[in-house]
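Some notes on the structure that comes next.
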Amino acid sequence: MSCIDSYLLLSAPLGDFVIQELPTQRLGSSEEKLDISCSHQEIKLSLVIPTFNEAGNVFKIIELLTESLERIIPKQYELILVDDDSPDQTWEIAQSLLAEYPMLKVIRRVGEKGLSTAVIRGWQVSQGVILGVIDADLQHPPETLIALWQQIERGADLAVASRHVEEGGVSDWSFTRRILSRGAQLLGLIILPGVIGRVSDPMSGYFLIRRDCLIGKTLNPVGYKILIEVLGRGSVRWVGEVGYVFQERQEEESKVTWRQYVEYVQHLLTLRFSLWPVRRFLRFGAVGFSGVFVDMSIFYVLRETLQMGLTRSAVLSSEVAIVSNFILNDIWTFGDISKKQKGAKQRFKRFLKFNLICLAGLILNVLIVNFLFNILGVNEYLAKLIAIASITLWNFWVNLKLSWRVTATQSNEK
Ligand code: GDD
Ligand code: MN
């Protein structure tokens, strides 16, 4: 999708939610990181304002945003208002402001609806190095932008306006609304701890993010929570937070219904499964399966050819299977990671961890079978199957987190 002039009518279908590189970036080498301090960069910030039936707020929000941004990055920003063809003609009112506000751009989107998708459509036609989002109803104070921008200037990849840090808060929210908001956060921490746990206000709809963190990533937003989407799929390293007080809405109505809560859970689960390393897990499973054959054939040879004792044969064949699994996993399943951790010493360290985790898995396996069979009275074969499944998950997840752990420096090499 190309950059917009000042008014654009967007009609569905509109294609994937992928953020493109800037034309200037295409000129330089892809490694070249976009630098917000360089003056030749015309547009530093592209701030998207999603609107639906906000006729009563358009004037004020554009006026206040212009005031704040002219103070920090005069003429080097664009305000992209994305309206989903509001029945109250919000897009038309915004269009009437174009002459007075040269940094304003208006998108009228037809045939596609939703807060998060509106934001991404706005980012797709933007020209800024930094992308941002703010609500149109003045519940997000425009002046907080100044502190958010300072976070970006200090090097943050993502600067989030938070209600849950110092100087943060909500105006007079009912007890139910507070419980709902915190409950939603807790649910998120259970389903997606690695994403939701990275910020104090994952529900925030007010933040700035470096375009670099999203380039080439296919986003798949559902409902309202665009921040969770960029945290989950973007390559965000450093997060900065700024406290703000979520104001009471003065004009028009909130568009939040029970549907947004359902969409939130849907969004969490979609992200959960798409972030689950399915391909790697399948490879790990295949290697584990091959290990059964190695284990059985070595056991057979030790028993039948070398007449070795039962326990000794069982232990030895399991160990050979663990070694073979390690080699296959190190080369295939986790090849992309192990090749960044070169040298025999590193490999041996990974092998030791793998071995210990698998041995712990063996013990857990016996404990689970005994617990299910002796305590819960589950059929012994079903108990064994459950034990194998849980230990496969245990071996995969713990080895992913420990043996083939991606170090901080490696994650920067994405
Ligand atoms: N284009 C578009 N399409 N905009 C929409 C849509 C839509 O379908 N639905 C809502 N908006 C716009 C509204 O016009 C407003 O500018 C903004 O999105 C937020 O909508 P509200 O309905 O006011 O949401 P809220 O105040 O209850 O919740 C906001 O604050 C929460 C706390 O930070 C949202 O930003 C939430 O995401 C956030 O969690
Ligand atoms: Mn609101």
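The values are calculated or read from the model by the stated rules, or taken from the named source; none is laboratory data. Note that this is a predicted model, so its numbers are computed, not measured. Cβ atoms come from the backbone with ideal geometry, glycine included; neighbour counts cover every protein chain shown. Calculation scope for accessible area: heavy atoms of the full protein, side chains included, ligands and nucleic acids excluded. Shrake-Rupley method; radii C 1.70, N 1.55, O 1.52, S 1.80 Å.
Are any residues in segment 327-342 at pLDDT 90 or above and either open to solvent by 70 Å² or more (accessible area, probe 1.4 Å) or assigned to a loop (DSSP other than H, G, I, E, B) (or both), and if so, which ones?
The answer is Ile327, Leu328, Ile331, Trp332, Phe334.
Consider segment 289-309. How many of its residues are part of a loop (DSSP other than H, G, I, E, B) and open to solvent by 50 Å² or more (accessible area, probe 1.4 Å)?
Within segment 289-309, residues that are part of a loop (DSSP other than H, G, I, E, B) and open to solvent by 50 Å² or more (accessible area, probe 1.4 Å) number 2.
Yes or no: Tyr224 closer than 23 Å to Trp123 by Cα, within 11 Å of ligand 1 (Cβ to nearest atom) and not hydrophobic (A, V, I, L, M, F, W, C)?
yes
Any idea which of (1) buried (at least 16 other Cβ atoms within 10 Å of the Cβ); (2) hydrophobic (A, V, I, L, M, F, W, C); (3) in contact (Cβ under 8 Å) with a residue 60 or more places away in the chain; (4) more than 18 Å from Glu251 (Cα to Cα) is the one Leu65 doesn't satisfy?
(4)
Do we find that Glu241 is within 16 Å of ligand 2 (Cβ to nearest atom), out of contact with any His (no Cβ under 8 Å at 6 or more places or on another chain) and of a type in the set (Asp, Glu) in this structure?
So Glu241 does not fit the description; no.
Can we say Arg182 is of a type in the set (Lys, Arg) and in contact with a Leu (Cβ under 9 Å, 6 or more places away or on another chain)?
It is false that Arg182 is of a type in the set (Lys, Arg) and in contact with a Leu (Cβ under 9 Å, 6 or more places away or on another chain).
I'm trying to understand the selection: among the residues of segment 147-171, which are within 14 Å of ligand 1 (Cβ to nearest atom) and either among the acidic types (Asp, Glu) or modelled with pLDDT of 95 or more (or both)?
Leu148, Val160, Ala161, Ser162
Name the one entry in Leu192, Leu208 that is of a type outside the set (Gly, Ala, Ser) and closer than 20 Å to His140 by Cα.
Leu208
Report, by residue number, each residue of segment 139-165 that is more than 24 Å from the chain's Cα centre (by Cα) and open to solvent by 20 Å² or more (accessible area, probe 1.4 Å).
Glu143, Ile146
Can you name every residue in segment 158-172 that is more than 11 Å from Leu208 (Cα to Cα), of a type in the set (A, V, I, L, M, F, W, C) and within 16 Å of ligand 2 (Cβ to nearest atom)?
Val170
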